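The values are calculated or read from the model by the stated rules, or taken from the named source; none is laboratory data. Predicted model, so just to flag it, every value in this text is computed and none were measured. Cβ coordinates were reconstructed from backbone atoms using ideal geometry, including for glycine residues, and neighbour counts include every protein chain displayed. These accessible areas exclude ligands, DNA and RNA; they are computed on the full protein's heavy atoms, side chains included. Shrake-Rupley method; radii C 1.70, N 1.55, O 1.52, S 1.80 Å.
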Amino acid sequence: RPGEVSAALPIGYGSIYHLAVEMLNQRLGTQTNNIPYAGGAPAVLDILGGHVDAALIDISGTIQNIQKRELIPLAVTSPERSKVLPDVPTFHELGVSDFVIESWQGIFVPRATPDEVVEVLNRDITAVLRSREFAEPLEEQGFVIAPGSAESLDQIVARDIALFREVAAVAGIKPE
């Protein structure tokens with residue numbers, strides 16, 4: 001029944017959520033009716049209200065609804081199970097081995113920033129990220145604290161650009 005299942009797209013067309021839904025459709029051979037939203041909260045409200053069937057969305061934006069059993073998580077897109085949702089399988093465990101998407105945040109500086117400055121910033125930011133006061137509240141919401149080097153962030157960015165460029169090309173998504 002192609003196009004009958006509706007998928008909420010937090011932050012709309014062309015977003016990571018849109019690309020993730022298209023990637024899942026490609027891996028499963030399915031087709032969803034994608035509904036754009038102006039953020040995660042409105043998407044969650046429409047799922048709760050029965051106006052849309054599902055969404056691929058960050059755990060942090062839904063953890064309270066999951067804990068209250070208002071939303072039922074079916075799978076996580078990470079390579080391992082989430083520490084806050086240990087009973088929820090990964091897509092790999094469900095047989096979709098080539099569907100891994102990890103949401104990440106990075107701090108960027110201009111390319112001309114001296115290496116010494118980048119190293120100091122990275123060291124200090126890493127110290128904050130690893131501090132109990134900073135990390136613990138985020139981890140309780142489902143975030144995974146994983147500081148790394150500027151080089152490792154470059155690799156993540158390059159990997160995701162290549163992955164989502166391919167997904168977009170297959171789905172016919174073009175920048176407007």
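Structure summary
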{"read-out": "Any hit, the stretch 62-71, residues being under 13 Å from the mean Cα position of the chain (by Cα) and either open to solvent by less than 40 Å² (accessible area, probe 1.4 Å) or within 26 Å of GLU139 (Cβ to Cβ) (or both)", "value": "yes"}
{"read-out": "Among residues of the stretch 13-38, those that are under 13 Å from the mean Cα position of the chain (by Cα) and surrounded by fewer than 16 Cβ atoms within 10 Å (Cβ to Cβ), counted", "value": "1"}
{"read-out": "Breaking point among (1) of a type in the set (Val, Ile, Thr); (2) in a loop (DSSP other than H, G, I, E, B); (3) free of Cβ contacts under 8 Å to residues at least 12 places away in the same chain; (4) under 25 Å from GLY12 (Cβ atoms), for ILE161", "value": "(2)"}
{"read-out": "Residue in the stretch 128-140 that is open to solvent by 90 Å² or more (accessible area, probe 1.4 Å) and either in contact with a Phe, Trp or Tyr (Cβ under 8 Å, 6 or more places away or on another chain) or among the acidic types (Asp, Glu) (or both) present", "value": "yes"}
{"read-out": "Single condition SER78 does not satisfy, out of (1) touching a strand residue (DSSP E or B) at 6+ places or on another chain (Cβ under 8 Å); (2) open to solvent by 40 Å² or more (accessible area, probe 1.4 Å)", "value": "(2)"}
{"read-out": "Evaluation of GLU4 against (1) at pLDDT 95 or above; (2) open to solvent by 50 Å² or more (accessible area, probe 1.4 Å) (one fails), failing number", "value": "(1)"}
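Residues checked against (1) in contact (Cβ under 8 Å) with a residue 12 or more places away in the chain; (2) among the hydroxyl-bearing types (Ser, Thr, Tyr); (3) under 18 Å from SER60 (Cβ atoms); (4) open to solvent by 50 Å² or more (accessible area, probe 1.4 Å):
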position	(1), (2), (3), (4)
PRO89	yes, no, no, no
ASP98	yes, no, no, yes
TRP104	yes, no, yes, yes
ASN122	yes, no, no, yes
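Condition check ((1) of a type outside the set (D, E, K, R); (2) within 30 Å of SER149 (Cα to Cα)) across all residues:
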{"position": "VAL5", "(1), (2)": "yes, no"}
{"position": "THR32", "(1), (2)": "yes, no"}
{"position": "TYR37", "(1), (2)": "yes, no"}
{"position": "GLN67", "(1), (2)": "yes, no"}
{"position": "PRO86", "(1), (2)": "yes, yes"}
{"position": "ASP98", "(1), (2)": "no, yes"}
{"position": "TRP104", "(1), (2)": "yes, yes"}
{"position": "PHE108", "(1), (2)": "yes, yes"}
